[in-house]
1. When you go through Thr155, Thr160, Thr137 one by one, which is the residue that is in contact with a Leu (Cβ under 8 Å, 6 or more places away or on another chain) and of a type outside the set (Phe, Trp, Tyr)?
2. When the residues of region 66-102 are narrowed to those that are among the small types (Gly, Ala, Ser) and more than 17 Å from Asp46 (Cβ to Cβ), which ends up surrounded by the fewest Cβ atoms within 10 Å (Cβ to Cβ)?
3. Among the residues of region 146-165, is any hydroxyl-bearing (Ser, Thr, Tyr) and either within 14 Å of the chain's Cα centre (by Cα) or part of a strand (DSSP E or B) (or both)?
4. Are any residues in region 24-50 open to solvent by 30 Å² or more (accessible area, probe 1.4 Å), of a type in the set (A, V, I, L, M) and modelled with pLDDT of 95 or more, and if so, which ones?
5. Which condition number does Thr155 fail, the rest of (1) at negative phi; (2) in contact with a Ser or Thr (Cβ under 6 Å, 6 or more places away or on another chain); (3) open to solvent by less than 50 Å² (accessible area, probe 1.4 Å) being met?
6. Of (1) open to solvent by 40 Å² or more (accessible area, probe 1.4 Å); (2) touching a Leu at 6+ places or on another chain (Cβ under 9 Å); (3) under 20 Å from Asn53 (Cβ atoms), Val170 satisfies all except one. Which?
Amino acid sequence: MMKKTVLYGLLISSMILVGVCVGASNSIATRGMSPGASPGGENIVDTAIAAGNFQTLVAALQTAGLVDTLKGEGSFTVFAPTDEAFAKIQEAQLSALMANNTQLTALLNYHVVPDRYMSADLMDGMLVETVSGENLTISLANGDVMVNDANVVQTDIVCTNGVIHVIDTVL
């Protein structure tokens, strides 16, 4: 009986969430966005802060002085490594990176594309130029998206000034 109650609760919650998402996507049109996507109410930085799993990324953006850029106007695609992705880097190496503003800025700029690419816009073998001027390679296979060697674990987190795709590895 308890399992049924929990399952019904999850089913009802899912149906409500789908209804809210469909209603939002039907009421707002945004240039360059895929059908069904709706803009979030926050910019990229505030969305990352609210998510709670990008604390290292946000700290790096603050250290590098890039917060205002990613809070400002623009249309950006950010391939955002989670805290778990940053945890794959040895602690001493990460500390050294955070202390070297030039290297840190270059690394962060390599994760940002100066245009909005929703997941539906990405194609297998596609090259996208980052803010740093270097290319990222997009791979699609069996419904999975990769950027270079990183798995995209969540796509299309729409923000007022772009979109975030969550990745499991720092590029």
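The values are calculated or read from the model by the stated rules, or taken from the named source; none is laboratory data. Remember, predicted model here, so these are calculated numbers, not experimental data. When we count neighbours, we look across all protein chains shown, and the Cβ atoms used for this are built from the backbone with ideal geometry, even at glycine. Note: areas computed on protein heavy atoms with side chains; ligands, DNA, RNA excluded. Shrake-Rupley method; radii C 1.70, N 1.55, O 1.52, S 1.80 Å.
1. Of Thr155, Thr160, Thr137, the one residue that is in contact with a Leu (Cβ under 8 Å, 6 or more places away or on another chain) and of a type outside the set (Phe, Trp, Tyr) is Thr137.
2. Step by step, filter region 66-102, then rank; the result is Ala92.
3. Checked against the condition, which is being hydroxyl-bearing (Ser, Thr, Tyr) and either within 14 Å of the chain's Cα centre (by Cα) or part of a strand (DSSP E or B) (or both), region 146-165 yields at least one hit.
4. Listed by number, the residues that qualify are Ile49, Ala50.
5. So the condition that Thr155 fails would be (3).
6. Result: Val170 passes all but (1).
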